[in-house]
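Each value in this text was obtained by applying a stated rule to the coordinates, not by laboratory testing. Keep in mind it's a predicted model, so treat the numbers as computed, not measured. Heads up, the Cβs are rebuilt from the backbone with ideal geometry, glycines too, and the neighbour counts pull from every protein chain shown.
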Amino acid sequence: MKKELYKARAELARALAHETRLAIIDILGEEGEKCVCELTELLDISQSSVSKHLGILKQAGVVDSKKEGLNVCYFLRTPCVVNFFTCLDNILLKDLEKRKEQLMG
């Protein structure tokens with residue numbers, strides 16, 4: 001049923017709707033798998049905060065993890081999520097162009 005699909009999409013969108021989680025996805029998309037300690041350093045936020053955001057992304061099915069020695073490494077389950085961000089960036093650029101036209105003309 002379509003209603004269930006829209007509900008699932010909304011839940012996924014909520015999981016993506018935070019700048020730290022977007023940054024995590026960008027890092028994992030550009031650099032590949034990272035452990036929590038690496039993400040903590042790259043994002044310059046606490047380990048508990050990084051872990052909380054990774055938990056939300058993992059529950060939503062965006063990232064997955066694997067244990068390597070003492071570290072847990074995270075990676076994108078479906079790297080195509082980066083394409084979604086490219087689409088969002090295109091929307092932002094189009095809107096910026098429209099606003100520029102309105103200001104200039």
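Summary of computed values
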quantity	calculated
Arg77 vs. criteria free of Cβ contacts under 8 Å to residues at least 24 places away in the same chain, surrounded by 13 or more Cβ atoms within 10 Å (Cβ to Cβ) and either farther than 15 Å from Ile27 by Cα or within 13 Å of the chain's Cα centre (by Cα) (or both)	yes
Long-range neighbours under 8 Å by Cβ, at least six apart or interchain, first residue in contact (Cβ under 8 Å) with a residue 40 or more places away in the chain and surrounded by 14 or more Cβ atoms within 10 Å (Cβ to Cβ) within the stretch 14-25, second assigned to a helix (DSSP H, G or I) and polar (S, T, N, Q)	Ala15/Gln59
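Yes/no matrix, rows are residues, columns are (1) aromatic (Phe, Trp, Tyr); (2) under 15 Å from Phe84 (Cβ atoms); (3) not in a helix (DSSP H, G or I):
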position: Lys3; (1), (2), (3): no, no, no
position: Arg14; (1), (2), (3): no, yes, no
position: Thr20; (1), (2), (3): no, no, no
position: Ile25; (1), (2), (3): no, yes, no
position: Gly29; (1), (2), (3): no, yes, no
position: Leu42; (1), (2), (3): no, no, no
position: Gly55; (1), (2), (3): no, no, no
position: Ser65; (1), (2), (3): no, no, yes
position: Val72; (1), (2), (3): no, no, yes
